[in-house]
Each structure stands twice: as C-alpha cells, then as structure tokens.
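A quick write-up on the structure given underneath.
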C-alpha cells in the first residue's frame, strides 16, 4: 500500500505562471511533510517542509499547504521559472522515523 | 546547509565483481544514513537504514547479503554491491539526517552500470 501518492506524473506550465504540485497521504500518523527537488543524475535537495501543526509554510516563491482532514498537501511555485524544471518529490515522516516518498512529479516550465 | 558527499558518481563494472559506494557527511555527524535505489522515471526506493555502530535495517525484499552496508563512524557509511549483475544497474543515492531535524540531506548519487 503506497502511503504517499503523487498522482500527476508530470506537469507543464508557462514561465511566470503558478505551478501547483499535489500530494496525498494515507497514514494519519505522519506529522512532518517535506518537498524535495531533483535534477537528472543528481541527488534530491530539500526545498520546503511543513509540520502537521501548521497549514501553510512559505519560503520565497515556494509555499506548501497542508490539509490534514483531506490528507493532502500541495506545493505552489509562483512565479514559475525555467530553472524550476525538475522532478519534485513529496515525503512524509513521523517521529524520528524514515521518510516515505511519493513517486515524484516532473515539472516542466516553458519559457 | 549540511553536505553529504557520495563517491563514485559513476561506475561501470563487469558482472560478478563487487562495487563499493561511499557516503560521507562532511560537516555534521550522522548517526543514521539511508540508502536508496532509483530506476529511471521511478521513485526513490528505500533499501536500508544504516545505523552507526550497529547492523543496518533492511527493507522488505532487499537482500542484505547482496547489499552490504557498513556504518563504522559517525561520518561514513558504505554500500557494497556484491557479485553485481546487470539487474543491479541503477542509480543509488544515500542520505543523512541531522540530529534533531526532519530534513534529509542527499548525496549526489552513484550511477552503477553492470555489463
């Protein structure tokens, strides 16, 4: 059973517009959620995170929203830039345990 | 931010040989490191959790005798793929967690190609 799901394998947006990447989870024990960005042939890099006690966290162009009742989180990138083109992984964890990753969403930002 | 160094970045080997991949935390101590495997266009598959000074914890379906993990110090974990076969060809990535933080810091990955 996949506990973290990113149902959209790919997303394409125009430069300057908003990119919205979605993530759903099933385990209500998860209390910390993270987004990572990955370029081909490189390791992922941390982007932004949110604790389950919050519903929004913002860092520059990146905002993560958490809807605990729906077990859903989303990453908003505004404005989108061509350099944002990458694979974005959603991850969830609880306690000091291991992180569970979604399958990733490939974002393409067109100039 | 914390830096995790992974070497080699790319290795090509013959079938039947063993390959060692190193993962080092450069500016922090990592009591726990994680090893992943990623196939093309697929998610990160956690293989094992490497604990400093103790045996690694392997995920279901991962052969511990094939993927040997050693975490001898607080800054170094190694993954050895023993008797590699073409089906072991993949992108292997390590990560480490800073004590007290939920964030994972990843190495740059190792592309293993077994001929």
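Results, tabulated for the structure shown:
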{"read-out": "Surface/4 of the Cα convex hull for the protein assembly as shown, nm²", "value": "12.3"}
{"read-out": "Spin-label model distance (nm) - residue B:72 vs residue A:106, 7 Å beyond Cα toward Cβ", "value": "4.0"}
{"read-out": "Of B:29, B:42, B:60, the one that fluctuates the most in a GNM where chain B has Cα springs shorter than 10 Å", "value": "B:42"}
{"read-out": "Peptide B:91-98 - average C-beta neighbours from other chains (10 Å radius)", "value": "2"}
{"read-out": "Distance (nanometres) between label positions extended 7 Å along Cα→Cβ at residue A:76 and residue B:51", "value": "4.2"}
{"read-out": "Chain B, relative contact order in percent, only Cα pairs under 8 angstrom and at least six apart counted", "value": "37"}
{"read-out": "Coarse-grained scattering of the range B:1-81 at q = 0.20 Å⁻¹, given as base-10 log I(q)/I(0) from a Debye sum over alpha-carbon atoms", "value": "-0.97"}
{"read-out": "Sites residue A:14 and residue A:94, calculated FRET efficiency, Cβ-Cβ separation with R0 25 Å, nearest 0.05", "value": "0.10"}
{"read-out": "Segment residue B:26-residue B:41, length gained on full extension (0.36 nm per residue, minus Cα span)", "value": "2.5 nm"}
{"read-out": "Pair residue A:29, residue B:3: separation of 7 Å Cα→Cβ label points (nm)", "value": "3.7"}
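Computed from the coordinates by the stated procedures, all read-outs in this text should not be read as laboratory data. Just so we're clear, the structure is a prediction, and the values are computed from it rather than from any experiment. So basically every Cβ, Gly included, is an ideal-geometry build from the backbone, and we count neighbours across all protein chains shown.
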